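Below is one structure; the comments refer to it alone.
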Amino acid sequence: MPQPLAAAAQPLADRLRQAEQSVRLIGHYDCDGLTSSAILARALQRSGQRFHLTSVVALTPAVIEQLNSEAPALVLFTDLGSGYPELLAQLKAPALVVDHHLPQGETPPNVLELNAHKAGVDGNREASAASLAFALALILGEANRDLAPVALAGAWGDRMYLDGLVGWNRTIADMAVEDKYLNKTCRLPLSGETLAEALAGSLEPYLVGVSGNPAGAAEALRELGFDPAAALGELDTEGTARLADWLALKLLEQGAGKQQRAQLFAPQLDLPQWGCSVEELAAMADACGRLGDTSTGIAMLLGSLSGRERAEAYAREHREQLLEQLARVEFERGRAIQHFRGDNAALKGTICTLALGYFLDRSLPAIGLAPRDGKLIVSSRAAPQLVAQGLSLAEVMAQAAGACGGQGGGHVQAAGASLPPEKGDEFIDAVDQLVADRLGL
């Protein structure tokens with residue numbers, strides 16, 4: 001573990017060891033949030049420490065009000081907190097924060113913070129919240145090394161595998177290989193009983209006109225000389241090479257990004273003890289959160305067999321929803337952004353990510369908006385070249401949402417916001433102007 005990261009985690013570990021009452025654990029609801037929550041829950045459990053876990057969509061004034069009414073002795077936030085110091089300052093209890101999002105403002109005096117960026121680690125690429133939770137868990141006990149697969153799933157959920165794992169994430173993967181929790185294998189990133197099922201059900205890579213379209217998948221395979229009903233697992237070396245060549249050409253023709261095309265030939269990360277890949281574990285956790293059953297996600301990550309069965313069903317349902325949405329989503333172009341409005345807040349971020357990576361114009365960030373609980377919820381994504389030009393979506397979301405009576409923050413390349421529903425048009429105009437200013441358009 002990098003020394004600055006260990007040094008930053010040590011005060012939080014010391015505070016948890018001193019806790020005499022139940023720890024109130026608050027985590028984000030997505031894949032990285034659930035995996036980081038599960039890691040901390042297991043580490044606390046092994047330390048003999050009681051805890052009460054709740055997963056939330058966002059850190060809001062209502063969450064702080066609820067915590068203040070509960071009057072916990074200690075609150076532990078994971079995958080959220082660093083972007084909202086003004087809310088943390090309103091918390092009456094002392095708090096610990098484990099987060100990899102860009103910090104906004106000064107850390108309140110009632111808070112001890114383990115933030116990747118403040119520990120000299122790139123929270124956009126080198127460590128997710130689950131990676132940081134794993135670092136904290138290691139300090140709490142060496143037995144927690146077996147939680148490395150869950151940490152990697154969190155990093156995968158935040159798509160830190162693009163261009164290969166680096167930094168602390170890479171170190172965790174190396175540890176997992178050494179401990180025989182992880183195997184790297186070379187195969188196409190497809191799954192399904194038959195070739196037709198594999199192509200029609202493929203999200204990453206997303207194949208325009210084929211993914212989500214069984215007839216289109218079968219037609220493409222027949223044109224290549226394949227039997228659509230042939231078993232994927234029985235494809236020989238020549239057939240695999242021929243299919244890989246077609247996939248690479250298909251992605252190039254539809255305008256997929258360089259990272260997405262390279263991922264087609266990246267090693268697959270298999271977890272023997274889990275009986276699945278890192279990608280599949282991440283998909284199950286993420287689906288539980290997106291479909292509103294975070295308890296099942298936590299249970300699955302803690303080893304529940306019934307939770308695993310439900311999580312697998314959720315993953316299939318979530319995949320089908322995404323395939324359906326991607327086939328019909330329409331983005332409206334502005335001067336410096338492209339955006340869509342949907343009716344499912346849980347899908348908008350992933351839709352932006354996949355659309356931008358596989359078929360949208362990457363010279364413009366993608367923005368998705370959808371209503372939830374009386375608010376307009378926003379997700380935004382930017383391609384690497386825009387970040388290299390100095391664009392920070394975390395800053396754009398915070399500034400535009402703040403001007404519209406809302407809140408925003410996140411990462412430079414992936415950020416979100418919530419605001420009053422009637423402010424949608426004003427917000428889009430503000431984002432368009434801010435991005436244009438930053439990119440000199």
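The values are calculated or read from the model by the stated rules, or taken from the named source; none is laboratory data. Quick caveat, the model's predicted, so the values are computed rather than measured. Every residue, glycine among them, receives a Cβ derived from its backbone with ideal geometry; neighbour counts consider all protein chains shown. Just so you know, the surface numbers come from the protein's heavy atoms only, side chains and all, with ligands and any DNA or RNA stripped out. Shrake-Rupley method; radii C 1.70, N 1.55, O 1.52, S 1.80 Å.
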(request) Pull up the cross-link candidates among the lysines for K250, meaning alpha carbon to alpha carbon under 25 Å and not fewer than 8 places away within one chain. (result) K258, K348
(message) Return the equivalent ellipsoid semi-axes of the range 298-345 as a descending list in whole Å, where each equals the square root of 5 times an eigenvalue of the C-alpha gyration tensor.
(response) 34, 12, 7
(request) Find which of L281, H318, H339 sits farthest along the positive direction of the dipole of the range 275-341, computed with +1 on the beta-carbon of Lys and Arg, -1 on that of Asp and Glu, about the Cα centre. (result) H339
(request) Could you tell me the largest-minus-smallest coordinate of the C-alpha atoms of the range 67-150 on each of the three principal axes, in descending order and whole angstroms? (result) 36, 25, 17
(request) Rounded to the nearest 0.05, what FRET efficiency do R328 and E106 give with R0 = 51 Å and r taken as the Cβ-Cβ distance? Could you check? (result) 0.70
(message) What whole-number distance in Å separates the alpha-carbon centres of the range 151-223 and the range 76-146?
(response) 29
(message) With the cut-off at 1.5 for a/c, could you classify the range 200-263 from its C-alpha gyration tensor as rounded, prolate or oblate?
(response) oblate
(request) Over the chain, give the accessible area per residue in Å² for a 1.4 Å probe, as an integer. (result) 40
(message) Once ligands and nucleic acids are excluded and a 1.4 Å probe is used, how much of E332 is accessible, expressed in Å² to the nearest 10?
(response) 110
(request) Compute the long axis of helix 129-140 from its Cα atoms, compare it with the longest principal axis of the Cα atoms of the chain, and write down the angle in degrees, 0 to 90, nearest 10. (result) 50
(request) Please report, as a whole percent, how much of the solvent-accessible surface of the chain comes from carbon and sulfur atoms (probe radius 1.4 Å). (result) 50
(request) With springs only between Cα atoms under 10 Å apart, run a GNM on the chain and tell me which of G33, G233, G368 wobbles the most. (result) G233
(request) Return the tail of the calculated pair distribution for the range 1-133, meaning the percent of Cα-Cα pairs more than 22 Å apart. (result) 28
(request) Taking the chain as the reference, fit the longest principal axis to its C-alpha atoms, fit the long axis of helix 167-178 to the helix C-alpha atoms, and give the angle between the two in degrees, 0 to 90, nearest 10. (result) 70
(message) Please list, short to long, the whole-number percent of alpha-carbon pairs of the range 276-368 in consecutive 10 angstrom bins beginning at zero.
(response) 16, 42, 26, 14, 2
(request) Rounded to whole Å and ordered largest first, report the semi-axes of the equivalent ellipsoid of the chain derived from its Cα gyration tensor (root of 5λ). (result) 35, 27, 19
(message) Given Cα positions, please report Rg to Rh for the range 21-83, the hydrodynamic radius being the Kirkwood one.
(response) 0.95
(request) Taking the dipole about the Cα centre of the chain, with the C-beta of Lys and Arg at +1 and of Asp and Glu at -1, give me whichever of G292, A414, G48 is farthest to the positive side. (result) G48
(message) Rounded, prolate or oblate for the range 253-299? Axes are the square roots of the Cα gyration tensor eigenvalues, ordered a ≥ b ≥ c, and the cut-off for rounded is a/c under 1.5.
(response) oblate
(message) Using only the alpha-carbon atoms, how far is helix 148-157 inclined from the longest principal axis of the chain? Give it as 0 to 90 degrees, nearest 10.
(response) 70
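Give me the net charge of Q49's neighbourhood, meaning all other residues with Cβ under 15 Å from the Cβ of Q49; Lys, Arg count +1, Asp, Glu -1.
Values: positive: R15, R17, R24, R42, R46, R50; negative: D14, E20.
Residues close to Q49 contribute a combined charge of +4.
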(request) Any chance you could tell me what percent of the C-alpha pair distances in the range 319-441 go past 19 Å? (result) 39
(request) In debye, nearest 20, what is the charge dipole magnitude of the chain about its Cα centre with +1 on Lys and Arg Cβ and -1 on Asp and Glu Cβ, if you could check? (result) 640
(request) Find, among the chymotrypsin sites (Phe, Trp or Tyr not before Pro) in the range 227-280, those assigned to loop by DSSP (not H, G, I, E, B) with at most 16 other beta-carbon atoms within 10 angstrom. (result) F265
(request) May I ask which residue of G390, T350, S363 lies farthest towards the positive end of the charge dipole of the range 289-425, with charges of +1 (Lys, Arg) and -1 (Asp, Glu) on Cβ and the Cα centre as origin? (result) G390
